[in-house]
Amino acid sequence: MVASYRLTASLLLANHVPQSAAAGGWVHESEICTAKTGWFSHCEKPALDECQYCGKPFCEEHRYLIEGLDAVCNNKRCVAKHEDLARHAEYRARVRQRNGAGLCGVEDCGPHPVFECSLCEGLFCDKHVAERRYPYREGRVMVERPASVCDWCWQRRKLWRH
């Protein structure tokens, strides 16, 4: 059984070709780009990689970024998610810096942060974090659960909901 599993895994790997050298990922050799080129048509060029956000294969023409472990197609929602992550990392660094000084994570707010955002894990005063019903994905289903969420993370939910 173990030998059979190894043989199957080897055959599966043999059917895959490396993506771009920079990405170092894998895409099935029969996969084609699925980017829309019109109302009822798709690109159909050979795929370079799969987008880390939407999971769809994309070609060189429909690539936004392939760098290190990042592979992003040029779909506007995927590009927005990639750019949002960079802004979010900067925001978290600023919040941590303010929290380290004993201040609320929001600029121009005073000391005594006592509430933690469930998402960014920053500390805030009671004016800048609220108990809200935040959408979470459970498999293919979206459910809403109570969570303490700062205003920054609350605004990001629309982008990350899909």
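Listing for the model above:
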{"quantity": "Residue 106, sole failed condition from (1) part of a strand (DSSP E or B); (2) more than 30 Å from residue 42 (Cβ to Cβ)", "calculated": "(1)"}
{"quantity": "Looking only at segment 115-162, and only at residues there that are of a type in the set (S, T, N, Q) and more than 16 Å from the chain's Cα centre (by Cα), the one that is nearest to residue 78 (Cα to Cα)", "calculated": "118"}
{"quantity": "Close pairs (8 angstrom Cβ cut-off, 6 or more residues apart or separate chains): farther than 22 Å from residue 70 by Cβ in segment 35-50, of a type in the set (Val, Ile, Thr) and in a loop (DSSP other than H, G, I, E, B) anywhere", "calculated": "42/34"}
{"quantity": "Among (1) under 19 Å from residue 149 (Cα atoms); (2) part of a loop (DSSP other than H, G, I, E, B) - the single one residue 53 does not satisfy", "calculated": "(1)"}
{"quantity": "Matching option when the condition is modelled with pLDDT of 90 or more and over 18 Å from residue 106 (Cβ atoms), among 161, 133, 140", "calculated": "133"}
{"quantity": "Whichever residue in segment 59-74 is in contact with a strand residue (DSSP E or B) (Cβ under 8 Å, 6 or more places away or on another chain) and in contact (Cβ under 8 Å) with a residue 40 or more places away in the chain and, among such residues, is surrounded by the most Cβ atoms within 10 Å (Cβ to Cβ)", "calculated": "71"}
{"quantity": "Single residue of 41, 30, 10 found to be surrounded by fewer than 17 Cβ atoms within 10 Å (Cβ to Cβ), hydroxyl-bearing (Ser, Thr, Tyr), more than 25 Å from residue 160 (Cα to Cα) and modelled with pLDDT of 80 or more", "calculated": "41"}
{"quantity": "Of all residues making up segment 144-155, the number that are surrounded by 11 or more Cβ atoms within 10 Å (Cβ to Cβ) and touching a strand residue (DSSP E or B) at 6+ places or on another chain (Cβ under 9 Å)", "calculated": "8"}
{"quantity": "Subset of segment 59-74 that is more than 14 Å from residue 34 (Cα to Cα) and modelled with pLDDT of 90 or more - its residue that is farthest from the chain's Cα centre (by Cα)", "calculated": "64"}
{"quantity": "Within segment 75-97, considering residues that are among the aliphatic types (A, V, I, L, M) and under 14 Å from the mean Cα position of the chain (by Cα), the one surrounded by the most Cβ atoms within 10 Å (Cβ to Cβ)", "calculated": "79"}
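Every residue, every condition in (1) within 30 Å of residue 43 (Cβ to Cβ); (2) assigned to a helix (DSSP H, G or I); (3) of a type outside the set (Ser, Thr, Tyr), yes or no:
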{"residue": "77", "(1), (2), (3)": "yes, yes, yes"}
{"residue": "96", "(1), (2), (3)": "no, yes, yes"}
{"residue": "99", "(1), (2), (3)": "no, yes, yes"}
{"residue": "118", "(1), (2), (3)": "no, no, no"}
{"residue": "134", "(1), (2), (3)": "no, no, no"}
{"residue": "148", "(1), (2), (3)": "no, no, no"}
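The values are calculated or read from the model by the stated rules, or taken from the named source; none is laboratory data. Predicted model, so just to flag it, every value in this text is computed and none were measured. Cβ coordinates were reconstructed from backbone atoms using ideal geometry, including for glycine residues, and neighbour counts include every protein chain displayed.
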